[in-house]
1. Go through (1) part of a helix (DSSP H, G or I); (2) crowded, with 23+ Cβ neighbours inside 10 Å for GLN130 and report which single condition fails.
2. Given the criterion in a strand (DSSP E or B) and more than 18 Å from the chain's Cα centre (by Cα), identify the matching residue among GLN270, GLN304, GLN290.
3. Can you work out which of the residues in region 234-267 that are open to solvent by less than 10 Å² (accessible area, probe 1.4 Å) and part of a helix (DSSP H, G or I) is nearest to GLN171 (Cα to Cα)?
4. Out of ALA87, ALA111, ALA104, ALA99, which single residue is in a helix (DSSP H, G or I) and buried (at least 17 other Cβ atoms within 10 Å of the Cβ)?
5. Just to be sure before I move on: is ASN282 in contact (Cβ under 8 Å) with a residue 12 or more places away in the chain, crowded, with 16+ Cβ neighbours inside 10 Å, closer than 28 Å to ASP340 by Cα and under 18 Å from the mean Cα position of the chain (by Cα) in the structure I sent?
6. So if I check each of GLY79, GLY89, GLY102, which one is closer than 29 Å to ALA362 by Cα and of a type outside the set (Ser, Thr, Tyr)?
7. Looking at THR56, THR69, which is the one that is open to solvent by 10 Å² or more (accessible area, probe 1.4 Å), β-branched (Val, Ile, Thr) and out of contact with any Asp or Glu (no Cβ under 8 Å at 6 or more places or on another chain)?
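The values are calculated or read from the model by the stated rules, or taken from the named source; none is laboratory data. Note that the coordinates shown come from a computational prediction; the quantities given were computed from them, not determined experimentally. Here the Cβ positions follow ideal geometry from the backbone for every residue, glycine too, while neighbour counts run over all protein chains shown. Accessible surface is based on the protein model in full, side chains and every heavy atom, while ligands, DNA and RNA are left aside. Shrake-Rupley method; radii C 1.70, N 1.55, O 1.52, S 1.80 Å.
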Amino acid sequence: MLRKDNGVRLNDKGGDVYARWSLYVAIVGLVLILLVMLDRAPYEKLAQDFTVANSTRAGSLILPTNIETPRAVMIFVHGDGAMGRSAFGYYYPLWQRFAKQGIASYSWDKAGVGGSDGNWLNQDMQSRAQEIDEAIAKVRQQALLKDVPIGLIGFSQAGWVMPKALKESSQIAFAVFVSTPVNWLKQSEFLTQVRLQREGVDGDEKQQHMTQAQQISMLIAQGENHSAYLDYLAQTDPDAVGSAMSPERYQFVQKNILADSQQDLAQVTQPLFVAFGEHDSNVNVPYNVQQYQHIFANRAAQLQLNVYQNANHTMLKNSEFGHLSPSLWWLIKMSLWEEDGFSEPFVEDVTLWLNTQLTQLASQQTQQLGAAQ
């Protein structure tokens, strides 16, 4: 037994050493890849911070180097989670493609992430929309960007943020929505269904879990505190207590659980590009496609909505990235594939649509100048 135990320890140690060196090699490789990417990137990155409600947001302004004055600025709006300004490198290929088109980009660390003050878990969707307003004001301070069109591009949870900014600001010319649900409660219900399916839960047991999830949502929406939530779990599903939401996450959900973008979208006048992936396991694509089509039924020309076949929630190729969760290896693969990691022809479609919007805006400005003379 002693010999066997020692053998296990030796093997574990060897495995640990191998794993550690593999990690070191991967990190060095990633750094080299990123350095090469940044060296050939057609843009320069400038620190550009702004203040909202006496709190600093640390960001980066991505300026194309192939044009004297950018044709437009795309402001990036994060989804859920503790996102830094590059979203773990996910934005790099988009920054590059936009820069090649002469389009600048701007993004910032969410509250409490990187160089930003505060805590994103204390925010609701209205306060995040206020960030967009302050970011636009900061961008306009750049002489090169004083008069250029400004657009938004947002992901997932940004679907509840951007409509609030769009309906209230004449500064925003257009917006790109990526994998954006319309109703928080419907979204939560879908995620529960997907989780139960993955766990192989069906029949009466599935219905029991769905009912429990609905009761929890009701409890949160009615303003019950975190202790009441834990008490309910302890009574109905003691095994779930260990994986319960933290008080901070619970507070965040409670601030936003009634979010629904329908009314805000109904007041949006700018043109929108909306994209979903057919293999999205985070968002109920058929339901949300139907919602967007219904909202814009009488304004069809305002909406371009595409569903991409080989795409997951991130619009990356599901065949290549669908089996990977965000990790070091995911980042390395994303860095190697760059724009080719996105489902075809997502990036091309967005670029063509943006060019169309900019061409139309330029034509309108020319007509207005002619009328004024």
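1. Condition (2) is where GLN130 drops out.
2. Working: GLN270 fails: in a strand (DSSP E or B); GLN290 fails: in a strand (DSSP E or B).
One residue alone meets the criteria, GLN304.
3. Within region 234-267, the first condition is being open to solvent by less than 10 Å² (accessible area, probe 1.4 Å), and the residues that meet it are 250, 252, 256-257, 261, 265.
Those still in the list that are part of a helix (DSSP H, G or I) too: 250, 252, 256, 265.
Values: TYR250: 34, PHE252: 29, ASN256: 26, LEU265: 17 Å.
Only one residue fits best here, namely LEU265.
4. Selected residue: ALA99, the only one of ALA87, ALA111, ALA104, ALA99 that is in a helix (DSSP H, G or I) and buried (at least 17 other Cβ atoms within 10 Å of the Cβ).
5. Values: in contact (Cβ under 8 Å) with a residue 12 or more places away in the chain: yes; crowded, with 16+ Cβ neighbours inside 10 Å: yes; closer than 28 Å to ASP340 by Cα: yes; under 18 Å from the mean Cα position of the chain (by Cα): yes.
Considered against the rule, which asks whether it is in contact (Cβ under 8 Å) with a residue 12 or more places away in the chain, crowded, with 16+ Cβ neighbours inside 10 Å, closer than 28 Å to ASP340 by Cα and under 18 Å from the mean Cα position of the chain (by Cα), ASN282 comes out as yes.
6. Numbers: GLY79 fails: closer than 29 Å to ALA362 by Cα; GLY89 fails: closer than 29 Å to ALA362 by Cα.
Selected residue: GLY102, the only one of GLY79, GLY89, GLY102 that is closer than 29 Å to ALA362 by Cα and of a type outside the set (Ser, Thr, Tyr).
7. Working: THR56 fails: out of contact with any Asp or Glu (no Cβ under 8 Å at 6 or more places or on another chain).
The conditions single out THR69.
Results for (1) in contact with a strand residue (DSSP E or B) (Cβ under 7 Å, 6 or more places away or on another chain); (2) within 30 Å of ALA137 (Cα to Cα); (3) buried (at least 16 other Cβ atoms within 10 Å of the Cβ), shown as yes or no for each residue.
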{"position": "ALA165", "(1), (2), (3)": "yes, yes, yes"}
{"position": "ILE172", "(1), (2), (3)": "yes, yes, yes"}
{"position": "GLN207", "(1), (2), (3)": "no, no, no"}
{"position": "THR211", "(1), (2), (3)": "no, no, no"}
{"position": "ILE216", "(1), (2), (3)": "no, no, yes"}
